[in-house]
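**Q** One structure, pasted below without further comment.
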Amino acid sequence: MKKFLTYCVTVALLAAALPAMAFRQFPYDIPNPAGGWIVDWANDGTATGTVPNFIGLDGLAGRPLVPAAVSKRLAAGDGYSKMADGTGLYTFGFSDGSADPENLFMERRTFKAELPAPTISYYEGQDYYLTLTNVGMKLRPDLFDPHSVHFHGFPQAAPVFDGEPMASFGIRMGFDLTYYYNLVEPGTYLYHCHVEATEHMEMGMLGNLYIKPRQDLYAQKNLLMFNGFNQFAYNDCNNLPSYKADKSDFEAPAGVVGGTMCGSTGYDVEKAIQFSDFDAEFHKLHIAADTLPFADMLASHYMLNGRGYPDTVGGPVTNNASSEVGQPDYVSQPLDSKITANQGQKILLRLSNLSIQNFATLEFNGPAFKVVGKCAKLLRGPDGKDLSYFANSVFIGPGETFDLILDTTGWAQGTYYFYSRNLNQLNNDQMERGGAMTEIIIN
Ligand SMILES: [Cu+2]
């Protein structure tokens, strides 16, 4: 008995002594150029080495502080969303628990699925460690589905980290996996859970993912502007040097960093927007453990970043979970799709389609935009020929992405619309004038 009491007191003291312990799982073998290791192997919130600044950037004079290695911890589980017509729908999804102490992780991350999933955005050259923890399905305790993270369209060298469950594996309830990504190709991608993908993607396990080019860091580090910009959709300059092996700086360029297309993908304002849709009937049957056959799916709610218009341009959406399914309300759809820019600025739109059923023709009711990238590739031929083009709409299929640049020079101030031309997609189920539409505000 005394032993047991001692044990209890010890556990209580330990718990009290580690109040802000956050789980950040870096594998232990990342060499730090400054010496030591980048690691929190004891999981006590203290790194045994420091994470080096990337390519010498120091956070001073407006230059970003970009660490060589970055990590995030996502939870995968269930949750609840609110459509623009007020309908509450059961969802699966991810939420970001990077800042949560280990001992509170499950408690804080259960039933917190967000639509879309937390955005993943880093720089070319960073090492990225993404820990996924399966927190289980609170409203479907009969379901013991694993989850995974799949970077769609991403050049993943190691199949084990691809998330496709036959070539790699899913993560079971209560377990973690730390995925490793070497971010070598900039561009706009998307990510989703790949376990029983038809079901888990229809249920909402969808996220924005994009990798910024090293040209941003090269320009910002050297205080250079290309075509008037220091941030770009892609590496579009000739002779852009690679990183040194330890990533402490760039190699010396082999020639003049420039060229006629240098800076052509530069932008001032950036927005990632993902098209998706839900079949409300599937979600309603799902919570009743009686799923609809996939072949009968028919979308009822069309969304940009997890919301239908007019919610696409509003503040964070909180669900009705407490009144409808007896769980705490939370911010289920944190991302808007509203784009705001000043006259003359360039807007980079990173578009993706994560529907499992529908193509979409996304259209803009203003001057033509320039399509500079498709499926994470700069539109340029192998001979360097410029293959970008001007258009007023893009036809985007499931799993595809586009990078559009809207040059607002000469535009009148006011509100413009970006929307699906498929008129059935401009509804929130029975509520007309909604769906896949958002606003671009020019000040
Ligand atoms: Cu899943």
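**Q** Tell me whether region 362-377 contains one or more residues that are at pLDDT below 95 and touching a helix residue (DSSP H, G or I) at 6+ places or on another chain (Cβ under 9 Å).
**A** The answer is no, given that none of the residues of region 362-377 is at pLDDT below 95 and touching a helix residue (DSSP H, G or I) at 6+ places or on another chain (Cβ under 9 Å).
**Q** For region 131-148, name all the residues that are more than 14 Å from the ligand (Cβ to nearest atom) and either modelled with pLDDT of 95 or more or in contact with a strand residue (DSSP E or B) (Cβ under 7 Å, 6 or more places away or on another chain) (or both).
**A** T131, K138, L139
**Q** Moving to a separate point now. Quick check: anything in region 136-151 within 21 Å of Y243 (Cβ to Cβ) and either assigned to a helix (DSSP H, G or I) or touching a Lys or Arg at 6+ places or on another chain (Cβ under 8 Å) (or both)?
**A** No, every residue in region 136-151 fails to be within 21 Å of Y243 (Cβ to Cβ) and either assigned to a helix (DSSP H, G or I) or touching a Lys or Arg at 6+ places or on another chain (Cβ under 8 Å) (or both).
**Q** Out of the residues in region 149-173 meeting the condition of being within 16 Å of the ligand (Cβ to nearest atom) and in contact (Cβ under 8 Å) with a residue 60 or more places away in the chain, tell me which one is nearest to P67 (Cα to Cα).
**A** Result: V149.
**Q** Among (1) crowded, with 20+ Cβ neighbours inside 10 Å; (2) within 29 Å of V331 (Cα to Cα), which single condition is E124 missing?
**A** Among (1) crowded, with 20+ Cβ neighbours inside 10 Å; (2) within 29 Å of V331 (Cα to Cα), E124 violates only (2).
**Q** What residue, of G228, G259, G204, is among the small types (G, A, S) and either closer than 13 Å to E124 by Cα or in contact with a helix residue (DSSP H, G or I) (Cβ under 9 Å, 6 or more places away or on another chain) (or both)?
**A** That would be G204, the only listed residue that is among the small types (G, A, S) and either closer than 13 Å to E124 by Cα or in contact with a helix residue (DSSP H, G or I) (Cβ under 9 Å, 6 or more places away or on another chain) (or both).
**Q** Does K221 satisfy the condition of being in contact with a Leu (Cβ under 8 Å, 6 or more places away or on another chain), away from the ligand (no atom under 16 Å from the Cβ) and more than 22 Å from L378 (Cα to Cα)?
**A** yes
**Q** Which members of region 116-125 meet the condition of being in a loop (DSSP other than H, G, I, E, B) and in contact with a Lys or Arg (Cβ under 9 Å, 6 or more places away or on another chain)?
**A** Listed by number, the residues that qualify are E124, G125.
**Q** Further, regarding this structure: Which residues, counting only those in region 192-211, are part of a strand (DSSP E or B), buried (at least 23 other Cβ atoms within 10 Å of the Cβ) and more than 10 Å from the ligand (Cβ to nearest atom)?
**A** L206, G207, N208, L209, I211
**Q** Could you list all residues from region 385-408 that are farther than 15 Å from L348 by Cβ, in contact (Cβ under 8 Å) with a residue 40 or more places away in the chain and out of contact with any Leu (no Cβ under 8 Å at 6 or more places or on another chain)?
**A** Those that are farther than 15 Å from L348 by Cβ, in contact (Cβ under 8 Å) with a residue 40 or more places away in the chain and out of contact with any Leu (no Cβ under 8 Å at 6 or more places or on another chain): G397, E400.
**Q** Let me ask something else about it. Name the residue, out of Y179, Y128, Y189, that is in a strand (DSSP E or B) and within 16 Å of the ligand (Cβ to nearest atom). Lay out the reasoning, then the answer.
**A** Values: Y128 fails: within 16 Å of the ligand (Cβ to nearest atom); Y189 fails: within 16 Å of the ligand (Cβ to nearest atom).
The unique qualifying residue is Y179.
**Q** Restricting to region 302-332, give me the number of residues that are free of Cβ contacts under 8 Å to residues at least 12 places away in the same chain and either in contact with a Gly (Cβ under 8 Å, 6 or more places away or on another chain) or under 20 Å from A117 (Cβ atoms) (or both). Can you show your working first?
**A** Restricting attention to region 302-332, the residues satisfying the condition of being free of Cβ contacts under 8 Å to residues at least 12 places away in the same chain are 322-323, 326, 329.
Filter once more, keeping what is either in contact with a Gly (Cβ under 8 Å, 6 or more places away or on another chain) or under 20 Å from A117 (Cβ atoms) (or both): 329.
Residues meeting the conditions: 1.
The values are calculated or read from the model by the stated rules, or taken from the named source; none is laboratory data. Predicted model, so just to flag it, every value in this text is computed and none were measured. Backbone-built Cβ (ideal geometry, glycine too); neighbour counts: all protein chains shown.
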